[in-house]
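Undergrad: Take this structure first; my questions come after.
Every number here is computed from the coordinates shown, using simple stated rules; none is lab data. As the structure is a prediction and not an experimental result, all values here were calculated from the model. Please note: Cβ atoms are built from the backbone with ideal geometry, for glycine as well, and neighbour counts cover all protein chains shown.
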Amino acid sequence: MSWIKEYVRTIPDYPKPGIMFRDVTTIFENDVAFPKMITEFADRYKDNGIDKVAGIEARGFILGGAIAHILGVGFITIRKEGKLPRETHNERYLLEYGEDALEIHKDALNEGDNILLVDDLIATGGTAVAALKLIEKAGGSVTDACFIIDLPELGGCSALQAKECNIFTLATYEEL
């Protein structure tokens, strides 16, 4: 069992019956677990030629900003549609019931930048794949992505790996 699991709170039947919600805010609140987690992520990528870190709204901002700081690189925000003030690239993606869109500033990175993609959890991979496509539209590439939690039954890691992206997660939860 991964050390991080002792800091993740599981909330049954949230946000709807049958869902086991994995609450990572308990990691962020902990003065031992949070720095240990960020150091583990940063150590993994310190020699990978990362030019910038991109975090997916909102928990990816917390993780990505801290990792970028340790790596000494810039941080890119990937936000929900309509939240960024300058000219953006837009990527629509499917949800279980409907669709959504993410955006990135067109000038957020330089052509050829190697971007580390960061979020708290990988489930179906729809959001992460949309973020990867946005980074590519802006001229960058994503060779690596990291998450606190993987829900492998939902296939998200496989979706990113099909895009030639290496995945690192701290914990896996087989049961949904």
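Undergrad: Using θ = phi - 60° and the Karplus relation 6.51 cos²θ - 1.76 cosθ + 1.60, list the HN-Hα couplings for the stretch 104-112 in order, rounded to whole Hz, with x at every Gly or Pro.
TA: 9, 4, 4, 9, 6, 8, 9, 3, x
Undergrad: Subtracting the Cα-Cα distance from 0.36 nm times the residue separation, let me have the gained length for residue 153 to residue 106 in nm, one decimal.
TA: 13.5 nm
Undergrad: Taking H as built 1.01 Å from N, whose amide H comes closer than 5 Å to the amide H of residue 54, not counting residues under 5 places away?
TA: Residues meeting the criterion, in which the H sits 1.01 Å from N, are 76, 116, 117, 118.
Undergrad: Return the FRET efficiency for the residue pair residue 86, residue 174: r is the Cβ-Cβ distance, R0 is 30 Å, and the value is rounded to the nearest 0.05.
TA: 0.10
Undergrad: Then there's this: Got a sec? Charge dipole of the chain, +1 on Cβ for Lys and Arg, -1 for Asp and Glu; which of 27, 50, 65 is way out at the positive end?
TA: Result: 65, furthest along the dipole toward the positive end.
Undergrad: Got a sec to turn the phi values of the stretch 70-86 into Karplus ³J(HN,Hα) couplings, 6.51 cos²θ - 1.76 cosθ + 1.60 with θ = phi - 60°, whole Hz, x for Gly and Pro?
TA: Those phi angles translate into 5, 6, x, 10, x, 10, 10, 8, 10, 10, 4, 3, x, 9, 9, x, 9 Hz.
Undergrad: In the stretch 21-107, which GluC sites (Glu not before Pro) fall in coil by DSSP and have 15 or fewer other Cβ atoms within 10 Å?
TA: Counting only loop positions with at most 15 other Cβ atoms within 10 Å, the GluC sites (Glu not before Pro) in the stretch 21-107 are 29, 81, 87, 96.
Undergrad: Once you put a point 7 Å from the Cα of residue 19 and another 7 Å from the Cα of residue 161, both along the Cβ direction, what distance in nm separates them?
TA: Going by the 7 Å Cα→Cβ label model, 2.6 nm.
Undergrad: If you don't mind, there's one more thing I want to ask. Calculate the spin-label point distance for residue 99 paired with residue 44, positioning each point 7 Å from the Cα along the beta-carbon direction, and give it in nanometres.
TA: With each label placed 7 Å out from Cα toward Cβ, I get 3.2 nm.
Undergrad: Next question, about the same structure. Dipole size in debye (nearest 20) for the stretch 47-172 around its Cα centre, Lys and Arg Cβ +1, Asp and Glu Cβ -1?
TA: 260
Undergrad: Of 36/83; 83/106; 80/163; 16/36; 83/163; 36/163, which sit over 20 Å apart, Cα to Cα?
TA: Violating the 20 Å Cα-Cα cut-off are 36/83; 80/163; 16/36; 83/163; 36/163.
Undergrad: Right, another one. With springs only between Cα atoms under 10 Å, which of 31, 100, 144 fluctuates most in a Gaussian network model of the chain?
TA: Highest fluctuation of the listed residues: 31.
Undergrad: Please list the radius of gyration and Dmax for the chain, considering alpha-carbon atoms only, with Å as the unit.
TA: Using the Cα atoms of the chain, the pair Rg, Dmax is 15.5, 45 Å.
Undergrad: FRET efficiency for residue 69 and residue 2, Cβ-Cβ distance as r, R0 = 25 Å, nearest 0.05?
TA: With a Förster radius of 25 Å, E is 0.60.
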